[in-house]
Amino acid sequence: MTFMGKGCNSRNFDYCLLCFFTLVSIATCKTIRYRTYEEDDPGTVIGTLAEDLHHNIPEDGSFRLMKQFNSSLIRVRESDGQLSIGERIDREQICKQSLTCNLALDVVIFSKEQFKLIHVEVEVKDINDNSPHFPSQEIPVEVSESASVGTRIPLEIAVDEDVGSNSIQSFQISVNSHFSIDVQTRADGVKYADLVLMKELDRESQSAYTLELVAMDGGSPSLSGSAMVNVRVLDFNDNSPVFERSTVTVELMEDAPVGYLLLDLNAVDPDEGANGEIVYGFSPQVSPEVRQLFKIDPKSGRLTLEGQVDFETKQTYEFDVQAQDLGPNPLTSTCKVIVHVLDVNDNAPAITITPLTSISAGVAYITEAAAKDSFVALISTTDRDSGANGQVHCTLYGHEHFKLQQAYEDSFMIVTTSPLDREKISEYNLTVVAEDLGSPPYKTIKQYTIRVSDENDNAPVFAKPLYEVSVMENNAPGAYITTVVARDPDLGHNGKVIYRLAESEVNGAPISTYVSLDPATGAIYALRTFNYEILKQLDLRITASDGGSPQLTSSSIIKVKIVDQNDNAPVIINPVLSNGSAEVVLPARAPHGFLVTQIKAKDADEGVNAEMSFSLTEERPNLFTINKVTGEVFLTADVSDDLGQVFRTVVTVTDNGRPPLSSTATVSFLVTAATPPANHELMQPSSWEEKVSHWDIPLIVIIVLAGSCTLLLAAIITIATTCNKRRKENKAGKTERDISELEKGEQDDEELIDSQKGNLFDARPFPNATPFTGTEPAAVTPEVPSTEENFPTCLYDTQKRLRSANSEVRDGCRVRPLRGREGSSEHGYNPLISPELRQGSGAHRHCVEGTLLQHHLHPGSREVQRQRQRQRGQRLQRQRLRHQRGRPEEGPHQPHADRTVGLYYGV
């Protein structure tokens, strides 16, 4: 085994490798090359990368095999990168007849701080493990006795699977007097032997020759193979066929279709008859492979393509075609045909992606902590075509965070272009496009996914840096206070948050004796009952830590404010009490308004709970007064005559808490002969009034709101009253206008009624009269009909307003039957028709000028509306007429004879 290193320059860039670190992305380009021999035993050491790289390998570094086309042939030890043979290597099986045989693989050195990619090429050297051999042990050859000296007779080609010096190098033939061999080299480098006639033949003296042909390779030791050549001498034949050219070279495109014509061979034989007829065929030594790919027409000599050739498999075919006549002793001649296969861009590039870290197929993983230019995956492209058709250009699409960087020939690396953040983008879908430079170009597209693995790069973050919460004093132990929340966008253990209470002391005691913290949820609970008068605020520091490595933490301040409750009653401190009572001296000559004493009290609570008011209860009324705010006690009566008397009062001090708490004390005032001090204070009325007139602000607000509502209600009532008054005035004006219009039209009718009085109508009561129509008596209904009822009308013929053309005359009156909505002929109720007329028979019906009209109008028509207005006007007019004539209003108690019967003013 041999180690070779090559520097990076422009000529050997194909073998250069860009090695980079996660933190430092610039490194030296280098390719490591080794040699080994085929057939070495498994476990044979090829080389050790850690020793041959001449770089400091981190202690935690390890080696990993990235790419290996034959994964079982070579193994890499993780600790130091030792390369060894995994299984026996057969060069002829891997590389066939190729002169060079290289195994390429990529090894990654990785640690916590760096990544390095190394390209390794192992050249497999050939050993002479194959002997030359001929296709058959006997080679038959025919030659005419008339063949001239120097005639070349082709023989079957010997085969040796080894290459280079281990392949066939020479031939030998057994000693004879007529034949020798001439060694030739084909275009593909294979050597073969032709049999050459050295002396004229005489069939009559010797008709056959047996020769031994030996092929030897150049190995050490040399190996050989042999075959027997049986030469049969044919009887004399004047002429043998002759080809136009002894060697023909043609070019064939690898995509040529089957049946494609390569050559049209032509040989000439001057003999006549059967001796001049020629047949074509392959020489006996032509290999089966050539016979499968090509076909020659026996009669015409046309050489055509029989199978599909592949430039990537074999580039040159060399074989012999012979022409033979049909004489009794046939003669042959040969023509060497060399076919060069030309490459066509018929293969698309193949893409192989090998990730640095992969859990599932088709997905690469990279940590979000990777720096710029970090290695992600290796892309290897292959194209079986040659030249420009086999040159591949690779492009990466999908996201600007990744790019391609060429590692060596036809291999590219996917590297990062900027730092990654899994919390923003956790997965990238990339597209790799490999395109050759052929015409037209072939393209291969492959989708690839890169997932960003989580790193503990985010500390927990509290919702607020400062929490302010309140808790009522006198709480029960274990009462819930609040919950703090911190979130970590990392995954798994990196994002699992644990809460802790920072140690501190409050009033000499550990903070943990005051509150407890749930480490999983962040809920805070009280461990004791808080007293506002002792502790007004509790400051806590909560830390949130994740489960990553290294662990990240953050903290937040929680200010727990204790809210005061009215749990302390006022305490009287002046005058000093003894068993709840005190004694105060009162001068007998103290004037009115004299400041006797001041009641002072204190309340341990704060705010409203500590605001106090004073009150006084006396045994003798109107002797003292007390300022409710200041507690000053003033004398309001003359006590000069009460010398030696003791006046007891009960002082009550009440706070403003809810519920209010109070305390009382008994104060005894002893009237003495002491003289009041010269600078004694008297009660100031103005000041006292100001103090007494202490308004309650909520009460003021309530009074203002009540006054506003009262004003609003008065405004609404005023507006409603005004609108109602206007509406009544409008109705009255309209009624007056209707009456004036009716009076004007009724004057003539009134005169007519007066002139015909006593003759026009026969007003008689008909209590038992039958209805106008029908056989059953109908009860008189005094109700006014609705708008849906039908109105029979008796009209003056002189008005001629609603006379019907289809009316009929009944008993001397023209009558039009009234039809309802459903076509019924029932008569509707009309209050203007007198009961006698409604209940009378046909004999008692009268009309003016012999005409009685019954007409029906639609309740919703304008004519009906006018009729109703006139009816109202007529009722008013009749009432006025009755008052003028001294008649009482008609009513249901009056007899029918006193009623106006059937009077109706025109519609």
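The values are calculated or read from the model by the stated rules, or taken from the named source; none is laboratory data. Bear in mind that the values here come from a model prediction, so they are computed numbers and not experimental data. Here the Cβ is made from the backbone with ideal geometry for all residues, glycine too, and neighbour counts use every protein chain on show.
Here are a few things to note about the model shown:
- Flag if Glu503 is more than 29 Å from Glu606 (Cβ to Cβ) and not hydrophobic (A, V, I, L, M, F, W, C): yes
- The lone exception for Tyr260 - which of (1) more than 30 Å from Asp160 (Cα to Cα); (2) hydroxyl-bearing (Ser, Thr, Tyr); (3) more than 60 Å from the chain's Cα centre (by Cα) it fails: (3)
- Taken over region 192-247, the residue count meeting the criterion of being surrounded by 15 or more Cβ atoms within 10 Å (Cβ to Cβ), more than 30 Å from Val268 (Cα to Cα) and not polar (S, T, N, Q) is 12.
- Number of positions in region 660-683 that are part of a loop (DSSP other than H, G, I, E, B) and at pLDDT 90 or above: 2
- For Ser136, the criteria (1) among the hydroxyl-bearing types (Ser, Thr, Tyr); (2) at pLDDT below 90; (3) surrounded by 15 or more Cβ atoms within 10 Å (Cβ to Cβ) hold in every case but one, which is (3).
- Single unsatisfied condition, Pro221 versus (1) within 60 Å of the chain's Cα centre (by Cα); (2) part of a loop (DSSP other than H, G, I, E, B): (1)
- Selection from region 417-443 of residues that are basic (Lys, Arg), under 30 Å from Leu342 (Cα atoms) and in a loop (DSSP other than H, G, I, E, B): none
- Residue match in region 421-441 (condition: outside the structural domain of Ser556 (by TED's automatic domain parsing) and in contact with a His (Cβ under 6 Å, 6 or more places away or on another chain)): yes
- Restricting the search to strands (runs of 3 or more DSSP E) fully inside region 96-174 and requiring at least 3 residues that are closer than 30 Å to Arg203 by Cβ and among the basic types (Lys, Arg) gives an empty result.
- Residues being within 34 Å of the chain's Cα centre (by Cα) and among the hydroxyl-bearing types (Ser, Thr, Tyr) are entirely absent from region 522-540.
- Pairs with Cβ under 9 Å, 6+ apart, first in region 262-289 and not assigned by TED's automatic domain parsing to the domain that holds Leu331, second part of a strand (DSSP E or B) and hydrophobic (A, V, I, L, M, F, W, C): none
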